[in-house]
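The values are calculated or read from the model by the stated rules, or taken from the named source; none is laboratory data. Note that this is a predicted model, so its numbers are computed, not measured. Neighbour counts are summed over all protein chains in view; Cβ atoms, including those assigned to glycine, are modelled from backbone coordinates with ideal geometry. Heavy atoms of the whole protein, side chains included, go into the accessibility calculation; ligands, DNA and RNA do not. Shrake-Rupley method; radii C 1.70, N 1.55, O 1.52, S 1.80 Å.
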Amino acid sequence: MTARLNLFTNELGAKHLKYLVSAGKVLTDSSLPTSLQELVSLRVSQINGCAMCVDIHTKHLAHEGEDAVRINLVTAWREATVYTEAERAALDLAEQATRIADASGGVPDEVWTNATKHYPENELAALISLIALMNAMNRLNVTTQNPAGAYAVGQF
């Protein structure tokens, strides 16, 4: 499978991706734990059906030494016992914010309130910015049908 459009080699696409990657750098440099960022990125990508991003984030988690059970159970995190309460709050926020169109009121107050119990304001800002960035990246990759499987950690 090849992508419909290679945004990495397209002049405008590459310029746009440069800015998105720069925005991502702000988040990776934040105090939000890297493993949490990767778990959230993986869950958002699973919801959106972004094969390329699922490939990237599963490999990043494995490279960072994350337990295979925790990686594999992200899709069923609600029923899994391997996540902390803080991780569960972040995953819930990620799901609700990714599925905004499915709910008439957006992110429910109880989901937001639960997240605020676990994360200070700067980490909440990083978390919601990460969720928004991942949704943007997912939409680019799903639309262009970027294939999965060939990513090597550190490639980008």
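Okay, here's what the table says:
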item	result
Filter result for residue 75 (open to solvent by 30 Å² or more (accessible area, probe 1.4 Å), part of a helix (DSSP H, G or I) and of a type in the set (Val, Ile, Thr))	yes
Any chance residue 32 is under 17 Å from residue 125 (Cα atoms), surrounded by fewer than 17 Cβ atoms within 10 Å (Cβ to Cβ), of a type in the set (A, V, I, L, M, F, W, C) and in contact (Cβ under 8 Å) with a residue 40 or more places away in the chain	no
Top-ranked residue in the stretch 100-131 [being within 16 Å of the chain's Cα centre (by Cα) and open to solvent by 70 Å² or more (accessible area, probe 1.4 Å); ranked as modelled with the lowest pLDDT]	100
